[in-house]
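The block underneath contains the structure these notes are about, expressed in structure tokens.
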Amino acid sequence: EVLNNHIHHCGVFEKYVAGVFLGLSQGNVVAHNLIEYMPHHAINLGNSAFGRNTLEYNEIRHVCLESHDKGGINCWMEEPYNHVQRDAPRCGHIIRYNLIADMEDWRFDDKGRPVLCESTYHDPEGRQLSTFGIYLDNYTSNCFVYGNIIVRSGSVGIYVQGGTNNVIENNIIVDVENASH
């Protein structure tokens, strides 16, 4: 269990960090935490045969501040042998009753410097932006995502990239370019 913590300002030297990392784990509860001021994800979950972690009643603010292709709550850690295979076994997670707010949408310029983007789904060069409130990446499947409040989360409130059997209902998504994708 990861309960009742204030996790903040991590990732000073290494930017691709999460406040809570549950890459290859199962049956954990992450609840009642305040996670803020992170360069990458607030919470990172796996999308493999491990899973059924429960995330609930967390407040996530000002995350995804210095990286690209990320979510406040992100699922992407595959087992080494099932990397990005559509039909790999995936357990899924329960993501409910979280507040995710005030994320920024970044991309990198031609010299590799981070640039804050305006509130549009594509930048002026037509490249898709990628900051999401909840990000079910790389065929993440079998998740229950409900009762979350997502406010100003960048490009998309809830992004599902190719997964199956995900139940996404009764979420409130406000002031986001696209509610879901």
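The values are calculated or read from the model by the stated rules, or taken from the named source; none is laboratory data. Predicted, not measured: the structure shown is a model, and the values here were computed from it. Cβ: placed from backbone, ideal geometry, glycine included. Neighbour counts: every protein chain shown. Each accessible area value is taken on the protein alone, full model and side chains, heavy atoms only, with ligands, DNA and RNA left out. Shrake-Rupley method; radii C 1.70, N 1.55, O 1.52, S 1.80 Å.
Radius of gyration (Cα atoms) of the stretch 3-92, expressed as a multiple of 2.2 N^0.38 Å: 1.08.
I want to verify a result. In a Gaussian network model of the chain, Cα cutoff 10 Å, which of these has the top mean-square fluctuation: 29, 160, 17? Most flexible of the set in this elastic network: 29.
Rolling a 1.4 Å probe over the protein chains gives residue 180 an accessible area of about 80 Å². Between residue 12 and residue 54, the modelled label-to-label distance comes to 3.6 nm, taking each label 7 Å out from Cα in the direction of the beta carbon.
Structure remark: mean-square fluctuation, Gaussian network model of the chain, C-alpha springs under 10 Å; the largest value among 78, 14, 66 belongs to 14.
The HN-Hα couplings worked out from phi for the stretch 141-154 by the Karplus form 6.51 cos²θ - 1.76 cosθ + 1.60 (θ = phi - 60°) are 9, 6, 9, 10, 10, 8, x, 8, 10, 10, 10, 6, 9, x Hz, whole numbers, x standing for Gly and Pro. Residue 137 exposes around 10 Å² of accessible area when a 1.4 Å probe is run over every protein chain in place.
Taking Cβ atoms as reference points and 10 Å as the exclusive limit, the residues near residue 8 contribute a net charge of 0, counting Lys and Arg as +1 and Asp and Glu as -1.
The heavy atoms of residue 132 present about 0 square angstrom of accessible area, all protein chains included, probe 1.4 Å. Which whole-number percent of Cα pairs in the chain have a distance greater than 19 Å? Beyond 19 Å sits 53 percent of the P(r) for the chain.
Taking label points 7 Å from Cα along the Cα-to-Cβ direction, residue 181 and residue 104 give a separation of 2.0 nm.
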